[in-house]
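Notes to accompany the following structure.
The values are calculated or read from the model by the stated rules, or taken from the named source; none is laboratory data. This is a predicted model, so every value here is computed, not measured. So basically every Cβ, Gly included, is an ideal-geometry build from the backbone, and we count neighbours across all protein chains shown. These area figures cover heavy atoms from the full protein model, side chains too; ligands, DNA and RNA do not enter into them. Shrake-Rupley method; radii C 1.70, N 1.55, O 1.52, S 1.80 Å.
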Amino acid sequence: MWRPRSGRERGAIATSGDSRRFLISNGRRYSHILDARTGWPVRNAPRSATVAADTCTQAGSMTTLAMLQGANAEAFLKGSGLRFWVQAAR
């Protein structure tokens with residue numbers, strides 16, 4: 001059983017990604033996760049990011065924030081100190 005950093009037998013796991021929600025137009029894949037600065041899908045984002053944390057709110061927030069980091073998602077999560085898994089884009 002996975003245990004959160006606190007050592008308790010409780011916690012949460014959340015995943016964010018575009019493995020099921022995407023659009024292919026003219027041979028190019030577009031994620032449903034949008035960069036608010038441009039209004040376009042985040043470039044070079046991984047297919048998914050999964051985070052284990054003490055709460056669902058923390059796990060879910062971190063997965064979405066990681067996806068918004070694009071190619072820097074894994075580095076962002078490494079800095080969080082949380083347990084995570086990243087599925088790279090193909």
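Distance between the modelled labels on Arg47 and Gln87, one decimal in nanometres: 0.5 nm (7 Å Cα→Cβ projection). Given +1 at the Cβ of Lys and Arg, -1 at the Cβ of Asp and Glu and no other charges, the dipole of the chain around its Cα centre is 160 debye to the nearest 20.
The packing ranking of peptides 74-86, 40-52, highest mean first, is 40-52, 74-86, where packing means the average number of other beta carbon atoms within 10 angstrom of each residue.
Determine, for each peptide in 27-39, 11-23, the mean count of other beta carbons within 10 angstrom over its residues, then list the peptides with the highest first.
11-23, 27-39
Taking all protein chains in place and a 1.4 Å probe, what share, in percent, of the accessible surface of the chain do carbon and sulfur account for?
48
Scaled against the 2.2 N^0.38 Å expected of a compact globular protein of N residues, the Cα radius of gyration of the chain reads 1.15. For the pair Asn26 and Cys56, label points projected 7 Å from Cα toward Cβ lie 4.1 nm apart.
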